[in-house]
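Taking it in order: structure first as structure tokens, then the write-up.
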Amino acid sequence: AYLENADKKRGPKAITIIVAIVGMILIRIFAFWCWSKMATRKEKKNRNRYMVPFNKDGTVEESSMTGMLGDNSDLPGFSFKTLAIATNDFSLLNRLGRGGFGSVYKGILLGPDGREVAVKRLSVTSGQGFQEFKNEVIVISKLQHRNLVRLLGYCFEGDEKMLVYEYMPKKSLDFLLFGPIEQRILSWKVCFQIIEGIARGMLYLHRDSRFKVIHRDLKASNVLLDEQLNPKISDFGMARIFGGNELQADTVRVVGTYGYMSPEYAMQGKFSEKSDVYSFGVLLLEIVTGKKNTSFYDYEESLSLLGYTWKLWNEDKVEEIVHPDRSEPCFLTEILRCIQVGLLCVQEFSNDRPNMSSIISMLTSETATLPTPREPAFTQRKISQNPYSSQSSGKTCSRNELTVSLSQGR
């Protein structure tokens with residue numbers, strides 16, 4: 001009798017507990033469903049934020065991928081999942097470099113060939129990320145040259161914006177010039193190959209492509225190198241396409257890298273192909289000297305790399321300008337010619353600088369005579385650090401040995 005009464009009391013209590021548990025489970029399922037619905041709606045909203053509204057005429061008001069690419073709409077699109085798998089979920093071990101607009105990762109695409117690629121992932125927090133992304137796609141999808149990095153595709157999903165490039169196994173020129181000592185294996189022959197390749201790539205941008213393109217951010221870290229150390233100009237996020245008769249443009253938003261900027265661009269916002277020529281000249285002198293323009297100091301006279309080079313040039317100590325690894329007697333005339341061309345490129349006034357066509361003629365012709373450079377811009381810099389010593393050899397060679405009447409184009 002006692003057991004029967006206990007069972008009768010336990011029955012309703014057990015049912016209550018079971019109902020409560022089931023109710024809690026149902027509530028949690030409903031809460032998860034609501035959260036999932038809200039998350040989906042939020043993701044859709046984020047995605048739509050980058051979709052393109054069309055006006056009544058059916059023209060694009062904002063830049064979707066199709067609108068941006070124009071004639072190049074067959075450029076393949078990659079899913080976020082594909083690129084996440086290729087880069088091992090954007091692992092730090094795969095990261096090749098990082099900049100103001102995001103990071104670049106090495107990836108291996110799934111497939112029989114397992115193609116290696118470089119994935120440029122724009123930072124979600126960058127306010128300028130979308131504009132750079134749009135600009136880079138517009139510019140580089142219209143260009144094709146052996147000395148320009150090749151765009152293979154893109155990813156455009158919600159907040160995620162990525163560009164897929166051919167992979168450059170030798171990294172950047174910046175790494176080879178200023179990286180670990182054991183990596184600096186650049187003989188003069190290789191250096192000249194790189195200088196000439198950059199010059200031909202810039203000539204293509206300025207004169208030989210379908211559009212006149214001003215890069216605006218040419219520097220050592222934006223020159224990539226393939227297996228044979230052929231240079232390829234990269235990073236077209238700051239580039240500007242000029243119209244047919246447009247020679248110069250103004251901007252209130254100066255972009256680029258100080259040290260490589262021409263005076264008229266840095267101080268007045270005026271840019272043209274001669275602005276790129278200035279950047280090329282700085283880069284050329286960095287290659288010859290093996291010294292960074294942004295970190296070289298002369299303790300006594302507070303000279304920049306340009307000022308230091310100019311000082312030694314005037315004192316006929318040009319061999320002291322050259323990095324010891326590049327100072328090969330059999331190439332001395334060619335090296336001197338490159339220093340002189342570099343100084344001509346960094347002249348203070350844009351009209352005094354040669355164009356890229358003239359630069360290539362100067363670099364490759366053994367008989368051409370070159371104009372005499374004047375003191376370049378930005379020769380002095382205030383310093384707050386210790387200088388590092390310049391390398392020099394005992395032998396000196398006069399700059400006057402280099403014959404000087406190739407008329408330069410403007």
- Which entries of K161/K212; K232/K274; K134/K270; K170/K292; K134/K189 show an alpha-carbon separation above 28 angstrom in the structure shown? K134/K189
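When S123, S275 are ordered from fewest to most other Cβ atoms inside 10 Å of their Cβ, what list results?
Values: S123 16, S275 26.
Listing S123, S275 from fewest to most nearby Cβ atoms yields S123, S275.
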- Task: Calculate, for L110 and K171, the FRET efficiency according to 1/(1 + (r/R0)^6) with r their C-beta to C-beta distance and R0 35 Å; round to the nearest 0.05.
- Result: 0.90
- Query: In nm, to one decimal, how far is the Q268 label point from the A31 one, both placed 7 Å along Cα→Cβ?
  - Reply: 6.6 nm
- Is region 302-360 best put as rounded, prolate or oblate by its Cα gyration tensor, with a ≥ b ≥ c the root eigenvalues, rounded for a/c under 1.5, and otherwise prolate when a/b is larger than b/c, oblate when not? oblate
- Message: At 7 Å along Cα-to-Cβ for each site, give me the label-to-label distance between E366 and D325 in nm.
- Response: 2.7 nm
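Could you compute the FRET efficiency for E375 and D226, with r as their C-beta to C-beta distance and R0 at 41 Å, rounded to 0.05?
0.65
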- Query: How far apart, in nm, are two points set 7 Å out from the Cα along the Cα-to-Cβ line at Q193 and at T82?
  - Reply: 3.3 nm
- Message: Restricting to DSSP loop positions (anything but H, G, I, E, B) with no more than 10 other Cβ atoms inside 10 Å of their own Cβ, which GluC sites (Glu not before Pro) remain in region 129-233?
- Response: E227
- Full extension from Q131 to Y258: what is 0.36 nm times the residue separation minus their Cα-Cα distance, to one decimal in nm? 43.6 nm
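Coordinate-derived values only; no laboratory data. Everything quoted here is computed from the prediction, not taken from an experiment. When we count neighbours, we look across all protein chains shown, and the Cβ atoms used for this are built from the backbone with ideal geometry, even at glycine.
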